[in-house]
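Enquirer: What follows is a structure written as structure tokens; I'll ask about it next.
Each value in this text was obtained by applying a stated rule to the coordinates, not by laboratory testing. Just so we're clear, the structure is a prediction, and the values are computed from it rather than from any experiment. Cβ placement follows ideal geometry from the backbone for every residue including glycine, while neighbour counts extend to all protein chains displayed.
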């Protein structure tokens with residue numbers, strides 16, 4: 001080790017470096033890259049899960065909005081309207097952003113209360129894999 005005096009300061013030289021200041025080895029760099037890659041894979045996995053959950057939430061919200069809108073229309077019909085006769089009704093499918101929503105409703109008259117009709121509106125999507133149902137009761141305005 002050589003000692004140099006420069007403007008009154010004493011410095012030590014060991015091939016141009018002070019002791020303890022050495023660069024990273026190739027192995028250390030490779031280990032750091034592996035750790036970084038594992039972290040990035042975890043983040044990308046979370047991103048994919050987030051996209052799937054967002055898509056699923058959109059489909060569910062759309063189906064709920066379709067069911068809510070239509071059941072309110074049906075419930076606002078006159079109690080004696082033929083569309084409120086007991087039975088099952090299949091409505092035309094609706095496509096929203098390439099997702100087909102199949103819609104149907106069932107009307108049950110007088111169960112469990114006489115003079116009240118129960119409407120159950122059902123929307124299915126993804127070939128029946130997912131379903132949402134809303135129920136409304138309509139009473140006879142003459143009672």
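Enquirer: Quote to one decimal, in nm, the extra length available between residue 88 and residue 69 on full extension: 0.36 nm per residue of separation minus the C-alpha distance between them.
Expert: Values: separation 19, 0.36 × 19 = 6.84 nm, distance 1.83 nm.
That pair, residue 88 and residue 69, stretches by 5.0 nm at full extension.
Enquirer: In addition: Compute from the Cα atoms of segment 19-139 the Rg and the Dmax, the latter being the longest Cα-Cα distance, and quote both in angstrom.
Expert: So, for segment 19-139, Rg and Dmax equal 26.9, 96 Å respectively.
Enquirer: A further question on this structure: Evaluate the relative contact order of segment 19-139 (contact order divided by residue number), counting alpha-carbon pairs under 8 angstrom at least 6 apart; express in whole percent.
Expert: With pairs under 8 Å counted, the relative contact order is 20 percent.
Enquirer: Would you calculate the separation in nanometres between label points at residue 114 and residue 41, each defined as 7 Å from the Cα along the Cα-to-beta-carbon direction?
Expert: Those two pseudo-labels are separated by 7.1 nm.
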